[in-house]
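The values are calculated or read from the model by the stated rules, or taken from the named source; none is laboratory data. Everything quoted here is computed from the prediction, not taken from an experiment. Neighbour counts are summed over all protein chains in view; Cβ atoms, including those assigned to glycine, are modelled from backbone coordinates with ideal geometry. For the accessible areas, the whole protein counts, side chains as well, though only heavy atoms, and no ligand, DNA or RNA atoms are used. Shrake-Rupley method; radii C 1.70, N 1.55, O 1.52, S 1.80 Å.
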Amino acid sequence: MKTDLELALECAVNVYHRFAVQRPMDDYLSLGEFSRLLKETAEPFLKNTVPPQTTTDNYIKQLFTKADANHDGRLKFTEFLTTLSLVAIDAHNRTHKDPGGDHGHDHGHGHDHGHGHNHGHGHDHGHDHGHDHGHGHSHRR
């Protein structure tokens, strides 16, 4: 049985290829393909990650520009991985700015990647980060 991380990494590769082989069939993502990829596969996540006062389209353009290391106007797979890192970092940082106290970490973990299987298992991922999560004790020393 594959782990959540293995499934997520496999999913990233598969999603990249599904959009990169559209017109033209070149194994690169144009800005349009990249935008469609994010909007069709990650829009709810993206909406929670877009910085305040920024539109989704502008955020996507910013990600594309930051990741296009060789400035050729398209993303190869390694550049696409950079965009995933940037989005994940933004999402992680945003969880630490939420006033709710749980820092946005959903430990219920009931998500479906659309691969025909569901990871509806509830387990603790050990997100401590040195914060007191309101359990009556602190993990800091």
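Values as computed for the structure displayed
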{"quantity": "Accessible area of the stretch 4-95 divided out per residue, in Å², using a probe of 1.4 angstrom", "calculated": "58"}
{"quantity": "Full-extension gain in nm, residue 10 to residue 22, via 0.36 nm per residue minus C-alpha separation", "calculated": "2.4 nm"}
{"quantity": "Share of carbon and sulfur in the accessible heavy-atom surface of the stretch 4-95 [1.4 Å probe, %]", "calculated": "59"}
{"quantity": "The stretch 23-40 - phi-based ³J(HN,Hα) in whole Hz, Karplus 6.51/-1.76/1.60, Gly and Pro as x", "calculated": "6, x, 7, 9, 6, 10, 9, 6, 4, x, 5, 4, 4, 4, 4, 5, 5, 8"}
{"quantity": "Exposure rank, largest accessible area first [35, 30; 1.4 Å]", "calculated": "30, 35"}
{"quantity": "Local electrostatic count, residue 69, Cβ distance below 10 Å [Lys/Arg +1, Asp/Glu -1]", "calculated": "-1"}
{"quantity": "Projected label distance in nm at residue 41 and residue 57, using a 7 Å step from Cα toward the beta-carbon", "calculated": "2.3"}
{"quantity": "Translational D in µm²/s for the stretch 4-95 (Stokes-Einstein at 4 °C, 1.567 mPa s, Kirkwood Rh from C-alpha pairs)", "calculated": "97"}
{"quantity": "Ranked order, 3, 54 - accessible area, probe 1.4 Å, largest first", "calculated": "3, 54"}
